[in-house]
């Protein structure tokens, strides 16, 4: 009898080794890097964000019953090409959900309260209490949440619990606010949508210019959603009061140091990382493989 085979193709930079023999009893688990990976032998192919599954790979997936990305999105996987041959694709959004939610909230709170700016006088030994009106630490006010999926929906609930007025933009919602109407009203905009051809450069120079003067933009979703240079220029010009970036269109950006400052928070695509991430990814892979072996759809399969 041919064994059920899982291929772990590619590896995240921060990933640690997992004992798959104990987790997937009776399953042949192989790890491989690069284009020579044995795609032809795999029943399930598991990929991180840095491993693209392109159209030219699909004819080699002779046995594949599932392509599983360990990330929250599908922008590195050609889901259309997989769909043409009937191979489903699934993801693991719960593994990173809470960490991304907390990172986005942390950026929004820090930037709106001007915590970075307030560190500068403190570093000089100056107790800047009398100058607080000049620093203008604000409250969250109205927050626009673009994308209302697994992560964005939790962000919206948490923001409301903090007393913010929340505007939601998502085509699947009946009360969705168009993105241009959202940016015209929001003090803070936080992005939690997928990267698709229609959402690439969603926040380009034109839309950033349409944001309210003194507003804040936070992106912990996908780097291609924002024209980061236009955002930086808007920050330097004073149109934006704050900018939070966990992701960039090209990583790492060549001019990374130019983004860092008291009104800009930059993290190295780290929003989803936490000490328990490997364990949650392992649990998600096991759940997906068990579902496929039972002939059922894996959790969070793209439909």
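The values are calculated or read from the model by the stated rules, or taken from the named source; none is laboratory data. All figures in this text were calculated on a predicted structure; none of them were measured in a lab. All Cβ positions, glycine included, derive from the backbone under ideal geometry; neighbour counts span all protein chains shown.
Inspect all residues belonging to the stretch 58-69 and state whether any of them is out of contact with any helix residue (DSSP H, G or I) (no Cβ under 8 Å at 6 or more places or on another chain), assigned to a loop (DSSP other than H, G, I, E, B) and within 24 Å of residue 3 (Cα to Cα). Reasoning before the result, please.
Going through the stretch 58-69, the residues out of contact with any helix residue (DSSP H, G or I) (no Cβ under 8 Å at 6 or more places or on another chain) turn out to be 59, 69.
Applying the additional criterion that residues be assigned to a loop (DSSP other than H, G, I, E, B) yields none.
So far as the stretch 58-69 goes, no, none of its residues is out of contact with any helix residue (DSSP H, G or I) (no Cβ under 8 Å at 6 or more places or on another chain), assigned to a loop (DSSP other than H, G, I, E, B) and within 24 Å of residue 3 (Cα to Cα).
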Going through the stretch 85-107 in order, the residues found to be part of a loop (DSSP other than H, G, I, E, B) and without any contact (Cβ under 8 Å) to a residue 40 or more places away in the chain are 85, 86, 87
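What number of residues within the stretch 30-42 satisfy the criterion of being assigned to a loop (DSSP other than H, G, I, E, B) and crowded, with 20+ Cβ neighbours inside 10 Å? Before the answer, list the steps.
Here is the first cut: in the stretch 30-42, the ones assigned to a loop (DSSP other than H, G, I, E, B) are 33-38, 42.
Keeping just the survivors that are crowded, with 20+ Cβ neighbours inside 10 Å gives 37, 42.
Number of matching residues: 2.
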All strands (runs of 3 or more DSSP E) inside the stretch 198-303 with 2 or more residues being out of contact with any helix residue (DSSP H, G or I) (no Cβ under 9 Å at 6 or more places or on another chain): none
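Looking at residue 149, is it in contact (Cβ under 8 Å) with a residue 12 or more places away in the chain, assigned by TED's automatic domain parsing to the domain that holds residue 203 and either farther than 26 Å from residue 222 by Cα or part of a strand (DSSP E or B) (or both)? Talk me through it step by step, then tell me what you get.
Values: in contact (Cβ under 8 Å) with a residue 12 or more places away in the chain: yes; assigned by TED's automatic domain parsing to the domain that holds residue 203: yes; either farther than 26 Å from residue 222 by Cα or part of a strand (DSSP E or B) (or both): no.
Criteria not met by residue 149.
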Does residue 167 satisfy the criteria of being over 17 Å from the mean Cα position of the chain (by Cα) and part of a strand (DSSP E or B)? yes
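Just checking, does the stretch 170-186 include any residue being part of a strand (DSSP E or B) and at negative phi? It would help to see each step written out before you state the result.
The first filter runs over the stretch 170-186 and keeps only residues part of a strand (DSSP E or B), leaving none.
Checking the stretch 170-186: not a single residue is part of a strand (DSSP E or B) and at negative phi.
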Only unsatisfied item for residue 214, checking (1) under 22 Å from residue 139 (Cα atoms); (2) under 16 Å from the mean Cα position of the chain (by Cα); (3) surrounded by fewer than 15 Cβ atoms within 10 Å (Cβ to Cβ), is (2)
May I ask you to say which residue of 73, 26 is at positive phi and at pLDDT below 95? 26
